[in-house]
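One structure is given below, encoded as structure tokens.
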Amino acid sequence: MNEIPANQQSPRTLEQVYRPLNRRTFLKGGAATVAGMAGLVAALKPLLALEKGDLTLDDLLQKHYRELKPDELQRILKSLADKCEQERGVRPNLRDLKPLDGVEFGYALNLTRCVGCRRCAHACLKENNQSRDRWDDIEMSYIRVLEMNKGAINVETSNHYYAPETVPQKDKYYLPVQCHQCRQSPCTKVCPVQATWQEKDGVVVVDYNWCIGCRYCMAACPYDARRFNYKKPTIEKAAINPNQGYLSNRLRPKGVVEKCTFCLHRTREGKYPACLEVCPTGARVFGNLLDPDSEINYILNNKRVYVLKEEVGTLPRFYYFFDK
Amino acid sequence: MRAYLTFIWRIWLLSWTGNRRYYAWMGLLTVVAVIGANAWAHQFVEGLQTTGLTNQVSWGAYIANFTFLVGVAAAAVMLVIPAYIYKKEHMHEVVLFGELMAIAVIVMCLLFVTVDLGRPDRFLHMIPPFGVFNFPGSILSWDVIVLNGYLLLNLHIAGYLLYCRYHQRKPTKRFYIPFVFLSIFWAVSIHTVTAFLYVGLAGRPFWHHPLVPARFLASAFVAGPGLMILAFQIIRKAMRFHIGDAPIVTLRMIMTVAMLINMFLLGSELFTEFYYPTQHAASAH
């Protein structure tokens with residue numbers, strides 16, 4: 001483009017190029033513009049179906065969770081509780097529980113005992129207010145129980161849709177997988193807006209009011225631990241757990257990612273996670289890694305412990321072990 | 001400045017004039033765009049469930065199209081390099097088409113990423129100082145920077161050259177040549193960064209592979225010039241703008257070389273996956 005190329009056969013003046021605007025062309029252009037705009041308006045008509053409160057100025061202007069002042073956070077908690085009451089008919093006890101000093105949570109699961117009954121996956125749903133169309137729809141549960149073939153420890157040959165009459169099946173064993181709360185968590189590293197991060201007690205959390213829904217964290221997670229709200233969560237009024245935390249089980253908006261938080265609204269108050277309490281075989285062990293006398297440390301010190309996908313380098317806080 | 005705005009305004013006016021075929025084509029494109037806007041409006045209200053994506057398959061055609069189009073944008077550099085580095089005169093006639101295509105394609109890339117967001121209303125969270133930009137940690141934040149940077153570079157180069165031609169004067173080299181050379185490196189960077197988006201995920205063995213950026217570039221340098229050749233043939237037939245055979249022959253040569261490299265890389269991948277039946281390629285066996 002250094003020189004004016006030779007191939008302009010007939011240099012025309014600007015006036016020739018821009019056909020002078022006369023009545024005919026003006027009407028034609030106007031009609032085309034009107035038709036185009038009408039088409040666009042018609043095309044965008046579905047936007048009218050947005051529910052009141054789906055998009056509010058407060059939501060748009062809200063700051064990142066970690067930049068909120070205490071009074072701003074209180075205001076947001078109140079407006080979220082109001083919204084839940086209005087839309088779902090349940091007034092939640094919505095709080096923001098901070099991590100405890102001197103606590104780092106760890107979880108261990110006894111593969112010798114797990115029978116694959118999926119009670120943990122169902123308990124997770126009940127506790128964490130996930131979206132479900134029926135009571136037994138565990139798609140959004142934070143726990144996937146994998147049915148493994150004997151002789152394989154690779155999850156690529158596993159099946160999480162297994163549905164035999166009874167469990168455990170012969171020649172199968174069961175591997176429940178949930179968020180491993182990794183020390184080197186790929187999900188928090190890839191998030192473009194820091195909507196997910198590790199808390200002081202090791203729990204990886206999501207700010208549902210900050211997440212932009214790009215799902216890069218889901219692609220990054222080696223453990224399939226994250227779920228995305230492809231629609232506005234559906235949950236019956238009677239099924240809503242009113243004991244809610246801002247960073248854990250409060251009702252999520254559509255279009256954001258969610259995940260296991262080790263039930264932080266329970267565990268930060270000294271209770272066990274819901275999946276542990278429901279386990280009929282006592283396969284689950286939860287506790288404080290920083291407390292040398294905790295049960296979790298007894299397991300880590302005395303059992304044959306391993307972590308899933310060690311080669312990926314995530315350094316999980318979730319361990320598996322064998323008893324005998 | 002005023003003169004430049006007049007120039008933009010006249011381009012806008014010019015885009016409304018043409019023959020019947022032009023109106024038919026633009027009308028068709030408008031209809032497609034309006035149908036797309038309608039689909040997006042439904043998606044915005046009902047959520048991404050309208051795409052059929054699931055927790056198991058969380059990225060789909062949006063991200064695939066985005067990745068492909070980044071490649072097409074990067075391939076514009078295959079017109080820029082012969083024109084400016086090897087000083088091939090005949091490429092100077094057509095290099096502007098490459099830059100203009102890059103602009104169009106990058107805009108499409110950005111739109112594809114936007115429609116893929118679950119919360120497009122929160123896009124400000126990605127833009128400092130309103131949001132919290134996870135830079136340099138997140139490769140997606142790198143992608144935001146390189147794609148928008150490439151868009152601005154090409155807008156400047158193409159805008160400046162067209163403006164000079166509009167005034168029928170010679171472009172001043174120092175106003176655009178430095179940006180042209182920057183855009184060459186930048187073009188490679190957009191596709192490399194987009195490949196790193198996938199390569200950086202250690203949990204996905206199929207993507208976590210050092211050949212991916214090289215294959216992205218090699219295949220883009222086949223597909224991009226291929227698309228340009230098709231565009232040139234249409235321009236030659238349908239417009240008064242004359243394009244000789246020489247640029248097409250040059251592009252053909254670039255395609256041949258890039259295709260050989262691409263095929264070699266593909267062969268290496270196939271060998272790695274199929275010679276020994278590992279579990280990572282189990283579904284392909």
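Can you tell me which residue among A:225, A:220, A:239 is of a type in the set (Gly, Ala, Ser), at the interface with chain B (Cβ under 9 Å from one of its Cβ atoms) and either in contact (Cβ under 8 Å) with a residue 24 or more places away in the chain or closer than 26 Å to residue B:201 by Cα (or both)?
A:220
Looking at segment A:264-282, is at least one residue under 22 Å from residue A:177 (Cα atoms) and small (Gly, Ala, Ser)?
yes
Table: residues versus (1) within 14 Å of chain B (Cβ to nearest Cβ); (2) surrounded by fewer than 20 Cβ atoms within 10 Å (Cβ to Cβ); (3) over 23 Å from residue A:133 (Cα atoms).
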site	(1), (2), (3)
A:195	yes, no, yes
A:205	no, no, yes
A:209	yes, no, yes
A:212	yes, no, yes
A:256	yes, no, no
A:268	no, no, yes
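From B:247, B:225, which residue is modelled with pLDDT of 90 or more and over 30 Å from residue B:207 (Cα atoms)?
B:247
So residue B:37 passes all but one of these: (1) part of a helix (DSSP H, G or I); (2) more than 7 Å from chain A (Cβ to nearest Cβ). Which condition number does it fail?
(2) is the only condition that residue B:37 fails.
From (1) within 14 Å of chain B (Cβ to nearest Cβ); (2) over 15 Å from residue A:128 (Cβ atoms); (3) surrounded by fewer than 22 Cβ atoms within 10 Å (Cβ to Cβ), pick out the condition that doesn't hold for residue A:234.
If we test residue A:234 against (1) within 14 Å of chain B (Cβ to nearest Cβ); (2) over 15 Å from residue A:128 (Cβ atoms); (3) surrounded by fewer than 22 Cβ atoms within 10 Å (Cβ to Cβ), just (2) comes out false.
Here's the yes/no breakdown for (1) hydrophobic (A, V, I, L, M, F, W, C); (2) assigned to a helix (DSSP H, G or I):
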site	(1), (2)
B:168	no, no
B:175	yes, yes
B:183	no, yes
B:189	no, yes
B:192	no, yes
B:203	no, no
B:208	no, no
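What's the number of the only condition in (1) more than 7 Å from chain A (Cβ to nearest Cβ); (2) modelled with pLDDT of 90 or more; (3) farther than 30 Å from residue A:132 by Cβ that residue B:19 fails to meet?
So the condition that residue B:19 fails would be (2).
Looking only at segment A:181-201, which residues are touching a Leu at 6+ places or on another chain (Cβ under 7 Å) and more than 22 Å from residue B:144 (Cβ to Cβ)?
Residues satisfying the conditions are A:182, A:183, A:184, A:201.
Could you give every pair whose Cβ atoms fall below 7 Å, whose first residue belongs to segment B:166-189 and is touching a residue at least 60 places away in the same chain (Cβ under 8 Å) and over 26 Å from residue B:68 (Cβ atoms), and whose second residue is among the aromatic types (Phe, Trp, Tyr) and surrounded by 13 or more Cβ atoms within 10 Å (Cβ to Cβ), counting only separations of at least 6 or pairs across chains?
B:166/B:7
Can you name the residue in segment A:35-73 that is among the charged types (D, E, K, R) and not in a loop (DSSP other than H, G, I, E, B) and is also nearest to residue A:195 (Cα to Cα) among such residues?
Applying the filter and picking the extreme gives A:66.
Please go through segment B:163-217 and give me each residue that is closer than 30 Å to residue B:9 by Cα and either surrounded by 19 or more Cβ atoms within 10 Å (Cβ to Cβ) or of a type in the set (Phe, Trp, Tyr) (or both), ordered by number.
B:163, B:166, B:171, B:175, B:176, B:179, B:180, B:181, B:183, B:186, B:187, listed by residue number.
Give A:204, A:193, A:145, A:167 a once-over and let me know the one that is in the same structural domain as residue A:264 (by TED's automatic domain parsing), among the aliphatic types (A, V, I, L, M) and in contact with an Asp or Glu (Cβ under 9 Å, 6 or more places away or on another chain).
Result: A:167 is the single residue among A:204, A:193, A:145, A:167 that is in the same structural domain as residue A:264 (by TED's automatic domain parsing), among the aliphatic types (A, V, I, L, M) and in contact with an Asp or Glu (Cβ under 9 Å, 6 or more places away or on another chain).
Take the residues in segment B:59-114 that are among the aromatic types (Phe, Trp, Tyr) and more than 10 Å from chain A (Cβ to nearest Cβ), then tell me which one is surrounded by the fewest Cβ atoms within 10 Å (Cβ to Cβ).
B:86
Could you check segment A:62-100 and list, in sequence order, the residues that are touching a residue at least 60 places away in the same chain (Cβ under 8 Å) and either of a type in the set (Ser, Thr, Tyr) or under 23 Å from residue A:295 (Cβ atoms) (or both)?
A:65, A:97, A:99, A:100
Residue-wise test of (1) more than 21 Å from residue B:197 (Cα to Cα); (2) within 14 Å of another protein chain (Cβ to nearest Cβ).
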{"site": "B:218", "(1), (2)": "no, no"}
{"site": "B:225", "(1), (2)": "yes, no"}
{"site": "B:238", "(1), (2)": "yes, no"}
{"site": "B:241", "(1), (2)": "yes, yes"}
{"site": "B:252", "(1), (2)": "yes, no"}
{"site": "B:263", "(1), (2)": "yes, no"}
{"site": "B:270", "(1), (2)": "yes, no"}
{"site": "B:274", "(1), (2)": "yes, no"}
{"site": "B:278", "(1), (2)": "yes, yes"}
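Are there any pairs with C-beta distances below 9 angstrom linking a residue in segment A:203-217 that is more than 22 Å from residue A:183 (Cα to Cα) to a residue that is outside any loop (DSSP other than H, G, I, E, B) and aromatic (Phe, Trp, Tyr), with the two at least 6 apart or on different chains, and if so which?
The qualifying pairs are A:209/A:65; A:210/A:65; A:212/B:123; A:213/A:228.
Inside segment A:82-184, counting only strands (runs of 3 or more DSSP E) that do not spill past its ends, which hold 2 or more residues that are closer than 14 Å to residue A:261 by Cα and touching a strand residue (DSSP E or B) at 6+ places or on another chain (Cβ under 7 Å)?
A:105-110
The values are calculated or read from the model by the stated rules, or taken from the named source; none is laboratory data. Every value quoted in this text rests on a predicted model; they were computed, and no experiment measured them. Every residue, glycine among them, receives a Cβ derived from its backbone with ideal geometry; neighbour counts consider all protein chains shown.
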